[in-house]
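The numbers here are math on the coordinates, done by the rules we state, and not lab data. Computed from a predicted structure; not experimentally measured. When we count neighbours, we look across all protein chains shown, and the Cβ atoms used for this are built from the backbone with ideal geometry, even at glycine.
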Amino acid sequence: MSAQFRDHFSHDSACYAAHRPTYPVELVEFLARESPARGRVWEAGCGSGQLSLLLPKRFEHVLATDASAQQIAAASAHPRVEYRVAPAEASGLPDRCADLVVAAQAAHWFELERFYAEVRRVARPGALLALVSYAKTRIGADLDPLLDEFHDRTLLGHWPAERAHVVEGYARLVFPFARLAVPELAIRRDWSVEQLLAYIRTWSGVNALVKTGAGIEFERFERELRARWGSPAAKREVRWPLCVLAARL
């Protein structure tokens, strides 16, 4: 997040930790394969640790930082993950200490010029930099139009401006490095309608909508989603295609 730290998520960090999807092991395998070594990782903007807890599967030590103390407090402990409250632009980490610098669903909040300067300071020569983002929720032809209508139209004007980078798959995010080829990756979860709605309630756009007193719009969407879903006990595959900007430094 930027030096001014526009905080959209600390208000309900416990729900964010409980209901945001974690990342696929294939992402961690890619990061490990492309990193020059598997010693230390700096994860910037780690939130409540959705990626942090997976990185020790292939890396020795993870330094996970976030500007939000509430998000850090909601993260689950791991013996090889060290959480610190610090902005991405001023991590406080030693020079040339990281084999991998990664930011997952976070880089669009950063003050990028200062973040990249910090990356160059913290990264070892040849280290891997990876900015990860997941796209809009996909389920199937029967539900995707409803999700898109709610995301794109009902929440229009309620999303922070930075959210546009996520929707665009980081296509216009400043990334002044030679990009590496990245395999097709996606988060996949078998979820009930209740699990999906709990996730949607963590959206910054939904939080802003409710704050304006227009919560009835979410209630209308919720009723329609339940009606189209069918049995409340039914589980369906929910997908989020991943975008990864990766480069060696």
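Okay, here's what the table says:
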read-out: Peptide ranges 153-159, 28-34 listed from the most packed, as the mean C-beta count within 10 angstrom indicates; value: 28-34, 153-159
read-out: In the range 169-249, the GluC sites (Glu not before Pro) that fall in loop regions by DSSP, at most 15 other Cβ within 10 Å; value: E184
read-out: Residues L100, L196, L180, L27, sorted so that the one with the fewest Cβ neighbours within 10 Å comes first; value: L180, L196, L27, L100
read-out: Share, in percent, of DSSP beta bridges within the chain that are antiparallel, nearest 5; value: 45
read-out: Exposure proxy ranking, count of Cβ atoms within 10 Å, fewest first, for W109, W203; value: W203, W109
read-out: Alpha-carbon centroid distance for the pair the range 137-161 / the range 79-117, whole angstrom; value: 30
read-out: Helix axis angle, 112-122 relative to the chain longest principal axis, alpha carbon, degrees; value: 40
read-out: Using alpha carbons only: equivalent-ellipsoid semi-axes of the range 10-248, gyration tensor based, whole Å; value: 32, 18, 17
read-out: The range 10-248, dipole about Cα centre (Lys/Arg Cβ +1, Asp/Glu Cβ -1), debye to the nearest 20; value: 440
read-out: Packing-based exposure ordering (other Cβ within 10 Å, fewest first) of K136, K211; value: K211, K136
read-out: In Hz, Karplus ³J(HN,Hα) per residue of the range 137-142 (6.51, -1.76, 1.60; θ = phi - 60°; x = Gly, Pro); value: 5, 10, 10, x, 4, 7
read-out: Lys/Arg +1, Asp/Glu -1 at C-beta; the range 110-249 dipole; positive extreme among G140, V238, I187; value: I187
read-out: Rounded to 10°, Cα long-axis angle of helix 25-34 versus longest principal axis of the chain; value: 20
read-out: Relative contact order [Cα under 8 Å, 6+ residues apart], the chain, whole percent; value: 22
read-out: Reachable aspartates and glutamates, given that their alpha-carbon falls under 15 Å from the alpha-carbon of K136 and they are not under 8 places away in the same chain; value: D144, D148, E149, D152, E162, E168, E237
